[in-house]
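Engineer: This is the structure I have questions about; it appears just below.
The values are calculated or read from the model by the stated rules, or taken from the named source; none is laboratory data. The structure presented is a predicted model; accordingly, all values stated were derived computationally and were not measured. All Cβ positions, even for glycine, are placed from backbone atoms using ideal geometry, and neighbour counts span all protein chains on display. Side chains included, ligands, DNA and RNA excluded: accessible areas come from the protein's heavy atoms. Shrake-Rupley method; radii C 1.70, N 1.55, O 1.52, S 1.80 Å.
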Amino acid sequence: MSAATSPVGTMPVASATGDRIAALRAEGRAALVGYLPVGFPDVERSVEAVLAMVDAGADVVEVGVPYTDPVMDGPVIQRAAEAALAGGTRVRDVLRVAEAVASHTAGRVPTLVMSYWNPLLRYGVDAFARDLAAAGGAGVITPDLIPDEGAEWIAASDAHGLDRVFLVAPSSTPERLQRTVRATRGFVYAASTMGVTGARSQVGARAEQLVADTRAAGARDVCVGLGVSTGDHAAQVGRYADGVIVGSALVGALLADGPWSARIDELQRRTADLADGVRRARGAGPVAAGRTVLAVDDSTTVDPTSQETSP
Amino acid sequence: MPDQPDQPVRDALTETLAHQVLGRLADVQGPYFGEFGGRFVPEALIAALDELETEYRKALGDPAFTAELARLHREYTGRPSPLTEVPRFAEHAGGQRVFLKREDLNHTGSHKINNVLGQALLVKRMGKTRVIAETGAGQHGVATATAAALLDLECVVYMGEEDTRRQALNVARMRLLGAEVVPVQIGSRTLKDAINEALRDWVANVESTHYLLGTVTGPHPFPEMVREFHRIIGEEAREQVLDRVGRLPDALAACVGGGSNALGLFNAFLDDEGVALYGFEAGGEGIDSGRHAARFSGGAPGVLHGARSYLLQDDDGQTLPSHSVSAGLDYPSVGPAHAWLHDLGRAVYEPVTDDEAMEAFRLLCCTEGIIPAIESAHALAGALRVGRRAADDGRTDQVILVNLSGRGDKDVATAATWFGLLDDEAAQAAQGTEGDK
C-alpha cells in the first residue's frame, strides 16, 4: 500500500478490480459484477447472500450502502434500502461484507462499495478509505460524485490504494468522458441508458456506442450497468464491454416472498444464468489479445490495452 | 467551468475570497458560495446543467429575454407587489414600524411565480417541451402548472403523498391548470422525496424535459439562477422602503425553507451593512423534540440533492425527517447561499415553532385583515421577536421589513383545525380527503 502522505497522482496505484478484469480478459470474457445492498434483509443474511452470489459466479462484488435518498436507484433497490435502514444497517456494515468476501475467496474477488456521497462524507472520507482498505475492500463506486467534486476522495483513494469508479452516461460529452476516464481507477461505469437502476426488457441501444466513446477517451476497462438483468443481456453486453453490472435483477430475487433458502436459490440461479451469459458472449475459450471479436471494436481508434488507467 | 484536467476541482475558497475582496456579496456566482453549493449529482445530469447554465447566462444578457420577463411580471403577475405598513400588527412588535412586502398578492398567491416565469421562458429558449417540478405546500407546483399552461408546456408535478393530503386544494388547482400531479409514496412522503422522484424523472427524460426546481437549492446553476429570478423582491422593496421611510430598514425578516423568498429579499441588502438579516426556520415542535426543520440549529454540513449545505442528518449521514406545520418549510436542507451567509455571520437564522407561527398567523388576520401563508407566518413571528428584542434594548424606532411570501387561502383548513374554529363534521370536510385515509 502506498504511503498515506503520497500526493494525488504522483505514484501509480495498483488496481485490484483492474487486475481481476484483465485476468478475465485473458480468459476471453467480460466480468460479471453483481450488486447487493448490505443489510437486506439484515446484515448477517446480506453477507450470506453476497457469498452465495460469489459462489454462483459473480467475478466482482458491488455492495451498496443503503441511503435515505437514492436518486440513481429505481423502486427495487429503493425498497431494499428502505428495509435495510429500517433494520438499523450502518455504513460500517459494508466493511463486514468486504472482509467476508476477501476471506471467502482468498482475495480473488474484489469488493467495491457503492455509496451515495453523504454517508461517506459523514463517516469521514479518509477514514472510510482507510477502513475499507483494511477490510480488504477494493474501492468505491460513487453515483452522485463527479470527479470535479472529488478532490478529497481522489486523495484518500490514492493514499489507501483503492479503486475509484466514476460513472459516464450517454449524455457525457467527449471532454467529460476524458475527465472522468482520467480520474477513474478500476473501471469506468457506463450507464447503458439515461435513467435509474432497474430491470428493463432490453439493454439501452446507446450502451455500445458509449463504451466505444469511453475507450476512445482513454479507458481500458469499461463495464456496463443499468437495465442489465438476464443471461441474454449479459451475453449481448459481454461482447463489447469489459464487465456486466447487474443489480436490481439480483436484489429482486431477495425481495421475493418465500423462505430465505428459496430466495438464495433464486439469487444463485439468476447469477449462474448471468455468469453463463458472459461466458457465451465471445464464444468459448481464451482469445489471444483481449476484445478482438466484435465489429464494433473496429470503430475504436485507440488501442485500449495501451492506456494507463491511473490518472 | 475551467477545464484543467489534473486539477479538476475548482478552488472554491479562492473564488469566494476573490469575490469578497473584489465584488459585492449580492453578485457572487455559483457553483460555490463559500464552501457550500457545488454539483453532487449523477454524471448523466451534467450536460443538462451545463446547457442550462449557458442558456441562463445568455438570456440574462439578452434584452429580448429580460423585456419579456419584465412584461410578464407587470402584466401577468401584477408586479411590482405593494409594500404595506401594518401598524396594528406592529403594536405587538415592541412598537416598531413593520412593513410587509406583499408577494402574497402576486398571481398564484406567492413569490414562486417570479422564478417559475424566468425558468419557463428559458425552457422555451432551450426548445424543451416538458417541465417537471417538486412541490411541498403546493405553491411552487401551482406556479409551475400556471406557467406551463401559459407557455404551452407539458407539466408533471411530484408531491409527497403526505403533502397531497395536507394541501388537497392545491392538488386540485394544479390539475385544473392541466398538470399531472404524482403523489410520491416512498420515503417520508414529503418534499425531499418529491425532489428525489423529480430527479429520477429528469435523469430519464433530460433531453425533452427541464426540471423547474422551485428554490435556491440543488446543483449549480439552480441556487444562483433562482436567486437571480427572485432578486426583484428585494430590489423593489428597497426602493419602496426608501421612498416611504426615507432610509433603509433596520432589519429584514423572511421564512426559510429552501430559502428562495428570503434570498430574493436579502440579496438587495446584502451589501448594506446596517441592515440586519433574519431568516426564520421551522422550529416545529421545538428543537429538543427532534420534530423540526431547523437546519442551522439542529443540522450539520452535508450533501443532499446536489448541493453541500446545512442538513438534518444522523451520524451515519442519513437524512433525518423534518417536521413543520407548514409544508413549505418542511425540508431537511437549505440553499447553499444561506449556509454561506450563516457562516459569514451576515445573516442570522433562528427557529420559530409551530405555536409561535400560528399565533402570528392569527394576529395578522385579526389586526390587519390579511391571511398569510403559514410559511410566511414564521417570518411574522420572527418580526415580532426582533421588534420586542429591540424594544427591550430601549429602541422603538426600528423599521422592520417582512417578506409576506404567500397568502394563506391554502392553509385555512389547517388553521381552522388548529384553532378549533369548526365543529367536528365541518373540520373533517375542510380537511378534504384527510379524514378518509
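Engineer: Select the strands (runs of 3 or more DSSP E) contained entirely in region B:33-113, then report the ones holding at least 2 residues which are surrounded by 24 or more Cβ atoms within 10 Å (Cβ to Cβ) and assigned by TED's automatic domain parsing to the domain that holds B:Leu404.
Structural biologist: B:97-102
Engineer: Could you list, in sequence order, all residues of region A:156-182 that are more than 16 Å from the chain's Cα centre (by Cα) and within 10 Å of chain B (Cβ to nearest Cβ)?
Structural biologist: Once the filter is applied, which keeps residues that are more than 16 Å from the chain's Cα centre (by Cα) and within 10 Å of chain B (Cβ to nearest Cβ), region A:156-182 yields A:Pro170, A:Ser171, A:Ser172, A:Thr173, A:Glu175, A:Arg176, A:Leu177, A:Gln178, A:Arg179, A:Arg182.
Engineer: Now for a different question. Within region B:293-307, does at least one residue satisfy the condition of being touching a residue at least 12 places away in the same chain (Cβ under 8 Å), more than 25 Å from B:Pro31 (Cα to Cα) and out of contact with any helix residue (DSSP H, G or I) (no Cβ under 7 Å at 6 or more places or on another chain)?
Structural biologist: no
Engineer: When you scan region A:91-119, how many residues do you find that are within 13 Å of another protein chain (Cβ to nearest Cβ), buried (at least 19 other Cβ atoms within 10 Å of the Cβ) and over 17 Å from the mean Cα position of the chain (by Cα)?
Structural biologist: Residues meeting the conditions: 4.
Engineer: Follow-up. Of (1) over 15 Å from the mean Cα position of the chain (by Cα); (2) within 12 Å of chain A (Cβ to nearest Cβ), B:Pro332 satisfies all except one. Which?
Structural biologist: (1)
Residue-by-condition table, conditions (1) within 22 Å of B:Arg79 (Cβ to Cβ); (2) more than 22 Å from the chain's Cα centre (by Cα):
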position: B:Val182; (1), (2): no, no
position: B:Thr190; (1), (2): no, no
position: B:Thr215; (1), (2): yes, no
position: B:Pro223; (1), (2): no, no
position: B:Glu228; (1), (2): yes, no
position: B:Leu242; (1), (2): yes, yes
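Engineer: Please go through region B:401-422 and give me each residue that is under 20 Å from the mean Cα position of the chain (by Cα) and aliphatic (A, V, I, L, M), ordered by number.
Structural biologist: B:Leu401, B:Val402, B:Leu404
Conditions (1) touching an Asp or Glu at 6+ places or on another chain (Cβ under 8 Å); (2) over 28 Å from B:Leu213 (Cβ atoms); (3) at pLDDT 95 or above; (4) buried (at least 16 other Cβ atoms within 10 Å of the Cβ), marked per residue:
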residue	(1), (2), (3), (4)
B:Gly335	no, no, yes, yes
B:His338	no, no, yes, yes
B:His342	no, no, yes, yes
B:Ala347	no, no, yes, yes
B:Asp355	no, yes, yes, no
B:Pro372	yes, no, yes, yes
B:Glu375	no, no, yes, yes
B:Leu404	yes, no, yes, yes
B:Arg407	yes, no, yes, yes
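Engineer: On the given criteria, is A:Ala127 away from chain B (no Cβ under 14 Å), aliphatic (A, V, I, L, M) and within 21 Å of A:Gly39 (Cβ to Cβ)?
Structural biologist: Spelling it out, it is not the case that A:Ala127 is away from chain B (no Cβ under 14 Å), aliphatic (A, V, I, L, M) and within 21 Å of A:Gly39 (Cβ to Cβ).
Engineer: Please specify each residue of region B:115-135 satisfying the condition of being surrounded by 24 or more Cβ atoms within 10 Å (Cβ to Cβ) and either among the charged types (D, E, K, R) or touching a Lys or Arg at 6+ places or on another chain (Cβ under 8 Å) (or both).
Structural biologist: Hit for region B:115-135 is B:Glu134, nothing else.
Engineer: Something else about it: State which residue pairs qualify: first residue farther than 25 Å from A:Arg96 by Cβ and inside region A:135-162, second residue among the basic types (Lys, Arg) and at pLDDT 95 or above in any location, beta carbons under 7 Å apart, and separation of 6 or more residues or different chains.
Structural biologist: Once the first residue is farther than 25 Å from A:Arg96 by Cβ and sits in region A:135-162, its partners that are among the basic types (Lys, Arg) and at pLDDT 95 or above give A:Ile146/B:Arg39; A:Pro147/A:Arg179; A:Asp148/B:Arg39; A:Glu149/B:Arg39; A:Ile154/A:Arg164.
Engineer: Regarding B:Glu53, is this residue under 29 Å from B:Val412 (Cβ atoms) and within 14 Å of another protein chain (Cβ to nearest Cβ)?
Structural biologist: Criteria not met by B:Glu53.
Engineer: Assess whether B:Gly317 counts as being closer than 25 Å to B:Ala44 by Cβ, in the same structural domain as B:Leu344 (by TED's automatic domain parsing) and open to solvent by less than 10 Å² (accessible area, probe 1.4 Å).
Structural biologist: So B:Gly317 fits the description; yes.
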